[in-house]
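The values are calculated or read from the model by the stated rules, or taken from the named source; none is laboratory data. All figures in this text were calculated on a predicted structure; none of them were measured in a lab. For neighbour counting, all protein chains shown are included, and Cβ atoms are generated from backbone atoms with ideal geometry for every residue, glycine included. Calculation scope for accessible area: heavy atoms of the full protein, side chains included, ligands and nucleic acids excluded. Shrake-Rupley method; radii C 1.70, N 1.55, O 1.52, S 1.80 Å.
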Amino acid sequence: TDGSSFPNGGLRATHTAGGYLAVDTSSHIFCRGDTVFIPSAFVSYYGASLDEKTSLLRSNQALSSAGSRLLKAVGHDTAGLVANIGLEQEIFLVPRDAYQRRPDLMITGRTVIGKNAPRGQEMCDHYMAPLSHATPALECMKEIQEECWKLGIPLKTRHREVAPNQFEFAPLFGSNTTQIDQNIMVMQIIEEIAPKWGLAALLEEKPFADINGSGKHNNWSIATKEGVRLMDPENVIKATGDDTAFALFMTAVIAAVNDHGDLMRCSIANPGNDFRLGACEAPPAIMTTYLGDTMNAYFEAFKNGKPASYASGVKTLDLGTDNVRPFEIPGEDRNRTSPFPYGGARFEFRSVGSAQNVSFTNTVLNTMTAEKCAEFADAIEGGAAPKDVIAKALEKSWKSVFNGDNYAEANQDMLTARGCWRIDSGVEAINVLKNDKNKKLFDSLNVMTPAECDARADIMFDHYWGTVEMEALTLIDMINQHIIPSCKKASVGDVPALQNAINTLKAALAEMHAAKDTYATAKLARVLRLETMEEIRTICDAAEEVCPAEDWTLATYHELLFLDQTDPGSEGGGMMY
């Protein structure tokens, strides 16, 4: 087919346009309606990746090869390794009639203006509350699950999330290629089913200001093809007779976070995450990992050359009442502020954005861990004792282990001073893909060539500035076609400031278009989005605050965010007051 019409970062052109498909046998073929969907790799005439899948498949191969070597070096043979993931998909469901009165939501997926409603998530009364039978959300979610089950997608869990009108689905975990292909279908099905129930589904990371945004927590683990879960200590000990393999693979991950936290940040650098990371709803842009007290003590003993033995972290709680029997809980608490906490048998990459295709995220996790597995295997095959390999790696990498509150600014300053990877700008995070260190990593493991790294970075820059351009143009239209007419009709608001704002936006867009390359364009776009457009938003929101409701033509946060207060029987699903 035509490879030049897809985002390709210069790998294809109209006069060199060939793109070629080959079946991916690791992911399930499925049928929907009259169409058979066949998961496939998509590459250029020269074999360069034009898709998200090819580099992921290569990283799976690299992880399997290096990890198998490491296991063999400590006396355990395997047919290979698999990377498993489970993806938690957060979304918003909003009334469709209100959605259709918001050009920004329809075109860009987020609100570029909007005065806060009197109520947000202050009462903490939405998260995990039962889905109401008085709104269409429950029936919509049930139909989404039913449609997914028809395709063999085990979308088991549904529940409310923290913000008003925010919800979550989660499937049973599985191999990464299958899970990612299925998640792409889940997102499509969510968007298709919602209109049938008078709703619109929002997948963007930060559709509304000042309430939580949405993520797609990427629960990542490694297992042998025989089924031994290498990040589950008890499972490994039962299969191998000791904890050596568990300690080696966990240390490989810790060392990888320390060396390649910049790539982890790059893998989540999509436009929506610029508003979400570090906002007390998602971990900050500082890459560390959480182990928990018991696991922390276990690896600290390794690091210090002391005897280290794993003791089961399970503990029993007795509530002191005959009505509730004593019950077991994990030995470690949950740290929801960590970007990459260990959660017992897996690591949870909590910073991933809700709208993302997570192929690149998992390509990074696989590749950086494969590098460390290969390094450890080299050392052990060369005569080093496994415990010495572990101790040396932990000594170098221990600064990237942090069990405290990542939201606290004092801790963020401390981690930055400690030398942990911190890249606040999504644009600068994308640019690390062009660094020699990272090109060498991917190239050495046959995951991506330097040319593929450059192409991917350019595609990500284009996606970033293209998103901002659409948002800015939409904001110009909304000011011209809605906000200024509403203010004039009601004789309120700072109309001259709004007119000046239009000129400011047009000038910023012109500067972007004159930039010398896509990186420079993306840097200017970030300033436009996070500074200029935010300043203009305050002018627009001030106008909304004083404009009579009957004169304001855009749907408000009040109308968009409170399904539970919507009268399902009223015309257009209007609000109940």
Region 13-105: relative contact order from alpha carbon pairs under 8 Å, six or more residues apart, as a whole percent, is 16
Residue separation between Lys506 and Val527 times 0.36 nm, minus their alpha-carbon distance, gives in nm 6.2 nm
Rounded to whole Å², per residue accessible area for region 261-379 with a 1.4 Å probe reads 37
For the chain, longest principal axis from Cα atoms; helix 244-266 axis from its Cα atoms; angle between them, nearest 10 degrees, is 30
Among trypsin sites (Lys or Arg not before Pro) in region 327-390, those in a DSSP loop whose Cβ has at most 13 other Cβ atoms within 10 Å are Arg334
If R0 = 56 Å, then Asn446 and Ala297, at their Cβ-Cβ distance, give a FRET efficiency to the nearest 0.05 of 0.90
Measuring from its Cα centre, the chain shows a charge dipole (+1 at each Lys and Arg Cβ, -1 at each Asp and Glu Cβ) which, in debye to the nearest 20, is 1200
For region 334-453 the mean separation of alpha carbon contacts under 8 Å (6+ apart) over residue count, i.e. relative contact order in percent, is 21
Residue separation between Lys150 and Lys196 times 0.36 nm, minus their alpha-carbon distance, gives in nm 14.8 nm
FRET efficiency (Leu172, Arg334; Cβ distance; R0 22 Å; to 0.05) is 0.60
Of every hundred units of 1.4 Å-probe accessible area on region 310-402, the number belonging to carbon and sulfur atoms, as a percent, is 50
XL table Lys216/Lys440; Lys142/Lys238; Lys306/Lys440; Lys53/Lys306; Lys156/Lys303; Lys387/Lys439; Cα-Cα > 32 Å flagged, in table order, is Lys142/Lys238; Lys306/Lys440; Lys53/Lys306; Lys156/Lys303
Put Ser65, Ser40 in order of accessible area, largest first, probe 1.4 Å, and you get Ser65, Ser40
Under the helix-only model (-39500 (n - 2.57) for each DSSP H run of 4 or more, divided by the residues of the chain), the mean residue ellipticity at 222 nm, to 500 deg cm²/dmol, is -13500 deg cm²/dmol
Taking Cα atoms, the helix 137-150 axis meets the longest principal axis of the chain at an angle in degrees (rounded to 10) of 50
Among trypsin sites (Lys or Arg not before Pro) in region 202-302, those in a DSSP loop whose Cβ has at most 15 other Cβ atoms within 10 Å are Lys225
With x for Gly and Pro, the residue-by-residue ³J(HN,Hα) of region 60-74, computed from phi through the Karplus equation 6.51 cos²θ - 1.76 cosθ + 1.60 at θ = phi - 60° and given in whole Hz, is 4, 5, 4, 5, 4, 5, 5, x, 5, 4, 5, 4, 5, 5, 10
Restricting to Cα pairs under 8 Å and 6 or more apart, the percent relative contact order of the chain works out to 19
Expected sort for 258-264, 428-434 on mean C-beta neighbours within 10 Å, highest first, is 258-264, 428-434
Which of (i) 17, 46, 29, 8, 1; (ii) 18, 40, 29, 12, 1, 0; (iii) 19, 51, 26, 3, 0 gives P(r) over Cα pairs in 20 Å bins from 0, in percent as computed here? It is (iii)
Per the rule of 0.36 nm per residue minus the C-alpha distance, extending Asp436 to Gln100 adds in nm 116.3 nm
